[in-house]
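Asker: Here it is, the structure, as structure tokens.
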Amino acid sequence: MSKQKNYAAPDEVLYHVGICKNDLQGATIAILPGDPGRVEPMAKALGTDCTFVGAHREYTSWLTNINGVKVLVCSTGMGGPSVGIGVEELARMGVTHMIRFGTTGTIQEEINLGDCIINNAAVRLDGTSTHFAPLEFPAVASFEITSALVKAAQETKTDFHIGISVSSDTFWPGQERYDSFTGYVPRRFQGSLKEWQALGATNYEMETSTLYVIAQALGIHAGSVCGVIAKRTESESIAPKSAYDKAFADMIKIIQGAVVKLTKVGK
């Protein structure tokens, strides 16, 4: 059964993101970091002719130009609920392809700090996605976007891995971290890290499953590439800034290559 699309008027400012379709200047691809503070440097690293679009709540938006293509960079904040709101409103403005650009902690020994992980699917330890589809429904990436990300990573010779993320609504108990205020982890999560490792999951983060399920429900495309800044097989600590800097530089190259490939499709 086809779903009716509720697109916003070109000059209608969407309540949460605080921008309108006219502001996008035709952009249909959005890069989605979590941190608003990363949007400006990311937009400037990705392309040229960068312009500030708007900032409201956790949603800061800039436009950049990658190989002649306008691309939106819009933060989503942390966790599923804010991702869900952002995705809905961007879709209403005509964005059809969304790529998460984030940080993550690996749970596999062979993945190193500063590496990139392209998630082709995600474990749904979030609550937001259950408002769009039952838990039996998988959280899977767009094949089109994932293929573009993988090919770009291969061509730029970055250190990358492909795998399944564990998307948790919490940073501490859901990711079985014991360095919280009380160290308390509910019984359902005790031992869960080893289970995800045994099943071959690659990393923990907090947004990908929500993005994938909502994108599928809305009929749009979504993918994700994250930089490893914690190695849970060794420590629960966040790595030095040098690990993030390496991953950031590599993710920029991957996104640039992927955007070029996505915009050549059908031409």
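Asker: Which value at 222 nm does the chain reach when only helices count, each DSSP H run of 4 or more adding -39,500 (n - 2.57), with the total divided by all residues and rounded to the nearest 500 deg cm²/dmol?
Answerer: Numbers: 6 runs with 76 residues, N = 267.
Taken over the chain, the calculation gives -9000 deg cm²/dmol.
Asker: Carbon-plus-sulfur fraction of the accessible area of the chain, 1.4 Å probe, in percent? Intermediate values should be presented prior to the final figure.
Answerer: Working: 6740 of 12030 Å².
For the chain, the apolar C and S fraction of the accessible surface comes to 56 percent.
Asker: Now for a different question. Looking only at the stretch 1-153, where both bridge partners belong to it, what percent of the DSSP beta bridges are antiparallel (to the nearest 5)? Please report the intermediate quantities before stating the final value.
Answerer: Details: 14 of 20 bridges.
That works out to approximately 70 percent antiparallel.
Asker: Now for a separate question. Quick check for me: using +1 on Lys/Arg Cβ and -1 on Asp/Glu Cβ, what's the dipole size of the stretch 41-183 about its Cα centre, in debye to the nearest 20? The partial results should precede the final answer.
Answerer: Working: 9 positive and 15 negative charges, 96 e Å.
Computed charge dipole of the stretch 41-183: roughly 460 debye.
Asker: Give the cross-link partners of residue 246 among the lysines, using a straight C-alpha distance below 18 Å as the criterion and excluding same-chain residues fewer than 8 apart.
Answerer: Straight-distance partners of residue 246: 44, 157, 231.
Asker: Please get the size of the charge dipole for the chain, origin at its Cα centre, with Cβ charges of +1 on Lys and Arg and -1 on Asp and Glu, quoted in debye to the nearest 20.
Answerer: On the way: 24 positive and 27 negative charges, 107 e Å.
So the dipole magnitude of the chain works out to roughly 520 debye.
Asker: Rg(Cα) of the chain divided by 2.2 N^0.38 Å?
Answerer: On the way: Rg = 17.6 Å, N = 267, 2.2 N^0.38 = 18.4 Å.
Compared with the compact-globule rule of thumb, the chain sits at 0.96.
Asker: Could you rank 235, 129 by how accessible they are, 1.4 Å probe, largest area first?
Answerer: 235, 129
Asker: State which helices in the chain qualify, where a helix is a whole DSSP H run, it must extend 27 Å or more along its own axis by its Cα atoms, and its mean Kyte-Doolittle hydropathy must be at least -1.0. Each step should come with its number before you reach the end.
Answerer: Numbers: long enough: 241-264 (35 Å, 0.18).
Correct list, ordered by number: 241-264.
Asker: Considering the dipole of the stretch 174-223 built from charges on the beta carbon (Lys and Arg +1, Asp and Glu -1) around the Cα centre, which of 189, 212, 200 is farthest to its positive end?
Answerer: Sorting the options by dipole projection puts first 189.
Asker: Continuing with the same structure: Calculate the length of the line joining the C-alpha centroid of the stretch 162-183 to that of the stretch 1-77, in whole Å.
Answerer: 29 Å
Asker: How do the peptides 79-86, 149-156 rank, highest first, by the average count of neighbouring beta carbon atoms within 10 Å per residue?
Answerer: Numbers: 79-86: 22.8, 149-156: 18.2.
Averaged packing, sorted descending, gives the order 79-86, 149-156.
Asker: What is the dipole size for the stretch 74-136, taken about its Cα centre, with +1 at each Lys and Arg Cβ and -1 at each Asp and Glu Cβ, in debye to the nearest 20?
Answerer: Details: 3 positive and 7 negative charges, 50 e Å.
With only Lys, Arg, Asp and Glu charged at Cβ, the dipole is about 240 debye.
Asker: Another question about this same structure. May I ask which residue of 80, 50, 228 lies farthest towards the positive end of the charge dipole of the chain, with charges of +1 (Lys, Arg) and -1 (Asp, Glu) on Cβ and the Cα centre as origin?
Answerer: After comparing all options, I get 50.
Asker: Accessible area per residue, 1.4 Å probe, Å², for the chain: what's the number? Can you show the working numbers first?
Answerer: Details: 12030 Å² over 267 residues.
Heavy-atom accessible area per residue stands at 45 Å².
Asker: List every residue whose amide H lies under 5 Å from the amide H of residue 160, counting only residues 5 or more places away in sequence or on a different chain, with H placed 1.01 Å from N in the peptide plane.
Answerer: Sorted by chain and number, the residues that satisfy this are 116.
The values are calculated or read from the model by the stated rules, or taken from the named source; none is laboratory data. Predicted model, so just to flag it, every value in this text is computed and none were measured. So basically every Cβ, Gly included, is an ideal-geometry build from the backbone, and we count neighbours across all protein chains shown. Just the protein is used for accessible areas: all its heavy atoms, side chains included, with ligands, DNA and RNA removed. Shrake-Rupley method; radii C 1.70, N 1.55, O 1.52, S 1.80 Å.
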